[in-house]
1. Quote to one decimal, in nm, the extra length available between S22 and A53 on full extension: 0.36 nm per residue of separation minus the C-alpha distance between them.
2. About the Cα centre, and with charges only on the beta carbon of Lys, Arg (+1) and Asp, Glu (-1), how big is the dipole of the range 30-76? Nearest 20 debye, please.
3. Between I71 and T13, with labels modelled 7 Å along Cα→Cβ, what's the label distance in nm to one decimal, could you check?
Amino acid sequence: GSTGVNRFSGSATIDGREIEFSPLALTRRAGPPALMEQESLLTRSLSRTSQFALRRDGTLVLMDEQGNQLIEYSKR
């Protein structure tokens with residue numbers, strides 16, 4: 001995938017609604033501070049993700065163990 005600055009790779013294990021991402025490998029390019037902060041938030045959120053939901057409109061929602069939404073991806 002891409003964070004907007006760096007590329008990342010890893011794997012995911014899915015069991016029902018549970019999902020676990022392996023540690024991510026990232027390239028190490030520097031970017032504008034705002035994009036670097038966004039990248040940090042993304043990678044931290046992926047490491048905390050433990051469940052997901054796929055909405056009828058195709059939106060993917062990644063959540064932590066308590067069901068708190070961490071990331072939302074849509075087809076827009």
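Nothing in this text is a laboratory measurement; each read-out follows from the coordinates by a stated rule. The model shown is predicted, which means the values in this text are computed figures rather than measured ones. With ideal geometry, Cβ positions are generated from the backbone for all residues, glycine too; neighbour counts draw on all protein chains shown.
1. Numbers: separation 31, 0.36 × 31 = 11.16 nm, distance 1.90 nm.
Fully extending the segment from S22 to A53 adds 9.3 nm.
2. On the way: 6 positive and 6 negative charges, 46 e Å.
Using only the charged Cβ atoms, the result is roughly 220 debye.
3. 1.8
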